[in-house]
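The values are calculated or read from the model by the stated rules, or taken from the named source; none is laboratory data. On a predicted model such as this, the values are computed, not experimentally measured, just so you know. When we count neighbours, we look across all protein chains shown, and the Cβ atoms used for this are built from the backbone with ideal geometry, even at glycine.
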């Protein structure tokens, strides 16, 4: 699908979608349990992949109030859309060997978390995905599982899917790099809790995207599971930042209080709404964003970034509401080592701002659905933005940029599509964004929400 976005002025209120990161973890955690309800989940292409995996392991996922034990994976999945809560029948920490290959589609989170879950099964699991996912690195996680006594292989011997995993995993000590993907750590923590021996994880490099591991630690605690970050001396830390490793005792059970878990709003998605308000709110008007309560999400840093660039932002944390006004923006320097998903949004804002916006520590952002560093540089360039790309830095030269409508490619990446749509709000004329359907990965109602705010958008 193509969308055509014409320079617009925005006003009104939008509701942030539930967090994709929390929904993935909550669905799998409920799968590890004997059964739980996941309230306010994000139903998207990616989270459906995790629901399919839970079903493949012998559990089931269905709208709360339905019979979650009936119907196959396809039938169950077809009824998830629009559900306010999902009833998950778990597999009690012991996944069954799937009857078929697990298709993770385009969801890297699903593949990594489910690869470790597959290691618990007493048999062989095969995982694959679409062309993009089959190009993304899984090698460090496969190596770690191999060191723990599990057969974990790439069919093409290149560290990429399709993957073959043969368990069961008993637990033990393992070392893994922390600078490729924090999801490797999350996968080991979640699976390690239900092993017999537990898992001790040593990081061989500095942990990047630490707030995503904090999300995992927060969710595990809500499900009654103990997992502790430790420093180099083995002493416990309060969070994942600066951790040298993690300790997870075995033999634990996933049991959320009251049998349910509520997913918070998603700050990665909020970043596009906030950015849109900062560049296109009508004079004297605000864009208000609901469901923005504080959580462990590192991407809440976008509030501070937008404020630093010069836009007035009022965040009522207790009410979970953010209001933003349009302003003349100025370039900033931002380290995205812990917040890689913010790079597209910050780059789009930088193209509108005066001066240079320098996005540092971003090499790991190249290993997402696409190389997001190059993608944003190249696609913003089509709109008239000037950029300088280095291996670990993207600089957007806003003062040298003059944005005008053009045809840009979303690169089959939901975050690229939404960030380019934000930039299009400030471009003269009409911008065509190709592949806009990929917003379904994390924000299925994005263009509806933007149209309600006043975006002039047409869809093919």
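So that you can scan it fast, the table gives a plain yes or no per residue for (1) farther than 19 Å from residue 31 by Cβ; (2) assigned to a loop (DSSP other than H, G, I, E, B); (3) not assigned by TED's automatic domain parsing to the domain that holds residue 38:
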site	(1), (2), (3)
130	yes, yes, no
159	yes, yes, no
165	no, no, no
174	yes, no, no
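Filtered by the rule that a residue be modelled with pLDDT of 85 or more and buried (at least 16 other Cβ atoms within 10 Å of the Cβ), the range 65-84 gives 80, 83. Selection within the range 86-113: residues that are in contact with a helix residue (DSSP H, G or I) (Cβ under 8 Å, 6 or more places away or on another chain) and part of a strand (DSSP E or B). The member of this set that is nearest to residue 46 (Cα to Cα) is 103. Scanning the range 426-460 for residues that are under 11 Å from residue 383 (Cβ atoms) and not in a strand (DSSP E or B) yields 426, 427, 429. Screening residue 284 against (1) touching a residue at least 12 places away in the same chain (Cβ under 8 Å); (2) part of a loop (DSSP other than H, G, I, E, B) leaves a single unmet condition, (1).
Here 221, 232, 227 are screened, and the one residue that is within 20 Å of residue 298 (Cα to Cα), loosely packed, with under 15 Cβ neighbours inside 10 Å and outside the structural domain of residue 301 (by TED's automatic domain parsing) is 221.
I need the full set of residues from the range 369-386 which are touching a residue at least 40 places away in the same chain (Cβ under 8 Å), farther than 28 Å from residue 105 by Cβ and buried (at least 20 other Cβ atoms within 10 Å of the Cβ), in order please. Within the range 369-386, just 383 meets the criteria. Applying the set (1) outside any loop (DSSP other than H, G, I, E, B); (2) farther than 25 Å from residue 17 by Cβ to residue 415 leaves exactly one unmet item: (2). Looking across the range 333-348, the residues that are more than 11 Å from residue 360 (Cβ to Cβ) and either part of a helix (DSSP H, G or I) or modelled with pLDDT of 95 or more (or both) come down to 339, 340, 341, 342, 344, 345, 347, 348. For the range 357-395, the set of residues classified as part of a loop (DSSP other than H, G, I, E, B) and more than 23 Å from the chain's Cα centre (by Cα) consists of 383, 384, 385, listed by residue number. Restricting attention to the range 33-49, does a residue exist that is over 28 Å from residue 211 (Cβ atoms), modelled with pLDDT of 95 or more and not in a loop (DSSP other than H, G, I, E, B)? Scanning the range 33-49, I find no residue that is over 28 Å from residue 211 (Cβ atoms), modelled with pLDDT of 95 or more and not in a loop (DSSP other than H, G, I, E, B), so the answer is no.
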